[in-house]
Amino acid sequence: MKQLFRCEMLNKIVLIFIGISIAFIVSEISLYAIFSSSDDCYYVWPPMLSRTFKPLPGVMPGIEGESRFLVNSKGIRGDEFSSEHTYKILTIGGSTTENSYLDQTETWQYLLQKKLNENAPNHKTWVGNAGRSGANTRHHVIQMRYLLAQYPNIEAVIMLIGINDLAARLSKDVNYDPHFLDQ
């Protein structure tokens, strides 16, 4: 009788283990299918992000009314890439590049693109904005490494950088590591 009880108990334990194993495998496959991406791209912003900012009057001098912050399908603020664009410029930097509280049509990247296209109507220029507030040299190096590899047809890069590195240097004082890029 004890032998039969042990055998039934062992069978139940084996069935529970098999059930848990199958559930684990099905979960892993499901999570992989849901979260894996066919394009292993580096994105500065989530693709197709759209935000509207409404700064309070007087909080940001010179900024008033709603501003739209639009990101294209490649995770870059700006127009979509197109085969019509004969010249592509990518801008990299911190908040002065990001221009988060400026409307899409008020950013310096948009104005540069507009001016270049007006002055050279036979060449359609694209200017993309890969700016992120708070980004420092380490972030810019990563962006250059991945974005230029993903989009080899970028003809020029404009970098507006440095203030976040200076702020980090000043705030860390004697604890500042000048070799932080090597890590």
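Things worth noting here:
- Taking the numbered list (1) free of Cβ contacts under 8 Å to residues at least 12 places away in the same chain; (2) surrounded by 10 or more Cβ atoms within 10 Å (Cβ to Cβ); (3) of a type in the set (D, E, K, R); (4) in a loop (DSSP other than H, G, I, E, B) in turn, ASP40 passes all entries but (2).
- Test for SER82: is it in a loop (DSSP other than H, G, I, E, B), hydroxyl-bearing (Ser, Thr, Tyr) and touching a Pro at 6+ places or on another chain (Cβ under 9 Å): no
- Looking across region 83-122, the residues that are more than 21 Å from ALA135 (Cα to Cα), open to solvent by 80 Å² or more (accessible area, probe 1.4 Å) and touching a strand residue (DSSP E or B) at 6+ places or on another chain (Cβ under 6 Å) come down to GLU84, TYR87.
- Selection count, region 100-145, where residues are in contact with a Gly (Cβ under 7 Å, 6 or more places away or on another chain) and either part of a helix (DSSP H, G or I) or on the phi > 0 side of the Ramachandran plot (or both): 2
- Residues that are aromatic (Phe, Trp, Tyr) and closer than 26 Å to ILE76 by Cα, drawn from region 137-183: TYR146, TYR151
- Residue in region 2-23 that is of a type in the set (D, E, K, R) and either surrounded by 11 or more Cβ atoms within 10 Å (Cβ to Cβ) or within 22 Å of HIS140 (Cβ to Cβ) (or both) present: no
- For VAL59, the conditions (1) surrounded by fewer than 11 Cβ atoms within 10 Å (Cβ to Cβ); (2) within 18 Å of MET144 (Cβ to Cβ); (3) not charged (D, E, K, R) all hold with the exception of (2).
- Here ILE89 clears all of (1) farther than 21 Å from ILE158 by Cα; (2) at pLDDT 95 or above except the condition numbered (1).
- Filtering GLU80, GLU66, GLU118 for residues that are among the charged types (D, E, K, R) and touching a residue at least 24 places away in the same chain (Cβ under 8 Å) leaves a single hit, GLU66.
Here is a yes/no grid of residues against (1) exposed (fewer than 14 other Cβ atoms within 10 Å of the Cβ); (2) modelled with pLDDT of 90 or more:
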position: ALA130; (1), (2): no, yes
position: THR137; (1), (2): no, no
position: ALA149; (1), (2): yes, yes
position: ILE163; (1), (2): yes, no
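The values are calculated or read from the model by the stated rules, or taken from the named source; none is laboratory data. Predicted model, so just to flag it, every value in this text is computed and none were measured. Every residue, glycine among them, receives a Cβ derived from its backbone with ideal geometry; neighbour counts consider all protein chains shown. Surface areas here come from the heavy atoms of the whole protein model, side chains and all, with no ligands, DNA or RNA. Shrake-Rupley method; radii C 1.70, N 1.55, O 1.52, S 1.80 Å.
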